[in-house]
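Let me begin by presenting the structure, written as C-alpha cells, before commenting on it.
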Amino acid sequence: MTYNPQIAIIARVGAHQDFLRQGLDVRHCQTYDTPFGCSNPVHLFKYQDIDFAVLSRHGEDGYRVSAPFVNDRANLYALKTLGVEKILAWCAPGAINETMAPGDLVVPHDILDEGQQQPYTFFPHRGLGFVRQNPVFCPELRQAVIQTLQNGPLPLHPAAVYTATTGPRLETPAEIRKYRLLGGDLVGMTLVPEVFLARELELCYTALCYVVNYAEGVKDRPYQPGILFEGLATPEEIKRVQAVEAALG
Ligand code: HPA
C-alpha cells in the first residue's frame, strides 16, 4: 500500500499512542536512514481520506533523548522524503510571561534564538544564504490552529515570543530576566533548530505549546537539593495542569 502523508505531527513521548486511543490504526511505522543519520520512528495513520504522520521527538516509550540531542535534521528529512508539506509541532515550554499559566495553550508567532548554535542547516559546508524568517511560522497553519482552538476549553494565547535555549540544563533566573527584557514570553529547548530547518525544506510549520511550568525565578519555589526534571513544575503548577486536564474530562 502507498501512503501519501501531507501532514505530520511532531510531538511528545509516545505521541502516536494518543491516536491509537482514538481508535485509529497505525498503517505503517518505520525509521528512515537519511544523510543526517537515522530518524525517529514515523507512524503513518489514515483518518477518513487523510494520511498523516506522527513522530515523537524524545522517544516512543519514555523520555530517552533530551532536546539538544534530538536529530531534527534526520527527522525532518525523513518527513520531507515521505511527501509531508505541513507540520504541526507540539511542545511544552515554561512561561516567562506570567499571564501564560501552566495548563494554557499558546500559539507562538515569533522566536528569540538564545541557543548555542547546533547544526542549523542542511547545508553545513556552504550554508544556504539568507533564508527569510519573517514570518517565522506558517501563517495559514497558525490561523487554522487558532481558529480550531479559540473556543475550546483551554485558555488560548494566540501570539507569543518563544525563547529558544539549548539545554539540557534549565536557565538561570538571571537569564530568564534577560529574556523577559528582550520580549520573551515562553522558554523552551524544542522548536530551534527544528523551525529553521523546516524552513530550509520549504515546509509549512507551526507550533502549538502547552505551558508546563513557570520559568526559573518567575515564581518563588522551594529550594530543592535534587537537580533533575521532577523539579521542573512545582506542586501548585502540577495541580493547575491537573485541574485543567480534569476539566477536559
Ligand atoms: N526552560 C526550558 N525548557 C523548558 C522549560 C523551561 O522552563 N520548561 C519546559 N521546557
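Taking a ≥ b ≥ c as the square roots of the eigenvalues of the alpha carbon gyration tensor, the stretch 51-116 is prolate, as a/c is not under 1.5 and a/b beats b/c.
Calculated FRET efficiency, L182 to S66, Cβ-Cβ distance, R0 = 30 Å: about 0.75 to the nearest 0.05. Determine, from the Cβ-Cβ distance of Q17 and E85 and an R0 of 22 Å, the FRET efficiency 1/(1 + (r/R0)^6), rounded to the nearest 0.05. The pair Q17/E85 has a calculated efficiency of 0.30. Over the chain, the ratio between the Cα radius of gyration and 2.2 N^0.38 Å evaluates to 1.00.
Helix 139-149 and the longest principal axis of the Cα set of the chain meet at an angle near 60°. Axis of helix 72-81 versus longest Cα principal axis of the chain: the two differ by about 30°, to the nearest ten degrees. Taking a straight line from the alpha carbon of K219, these aspartates and glutamates sit under 16 Å away, with near neighbours fewer than eight places off in the same chain left out: E98, E171, E175, D185, E236, E237.
With the simple spin-label model, which puts each label point 7 Å out from Cα in the Cβ direction, the R27 to Y47 separation comes to 1.4 nm.
Proximity of backbone amide H atoms, modeled 1.01 Å from N, is registered between N40 and N75 at under 5 Å, excluding neighbours fewer than 5 places apart on the same chain. Could you pull out which residues in the stretch 106-126 have an amide N less than 17 Å from a spot 7 Å beyond the Cα of Q150, following the Cα-Cβ vector? Those under the cut-off are 106-109. Dividing the helix sum by the residues of the chain, where each DSSP H run of 4 or more adds -39500 (n - 2.57), gives a mean residue ellipticity at 222 nm of -7000 deg cm²/dmol.
For the chain, C29, C38, C91, C209 stand unpaired, since no other cysteine beta carbon lies under 4.7 Å from theirs.
Could you tell me the center-to-center distance, by alpha carbons, between the stretch 189-206 and the stretch 42-75 in angstrom? Using only Cα atoms, the two centres lie 14 Å from each other.
No value in this document is a laboratory result; all are computed from the given coordinates. Because the structure is a prediction, the values reported are computed rather than measured. Counting neighbours? That spans all protein chains shown, and the Cβs are built from the backbone with ideal geometry, glycine included.
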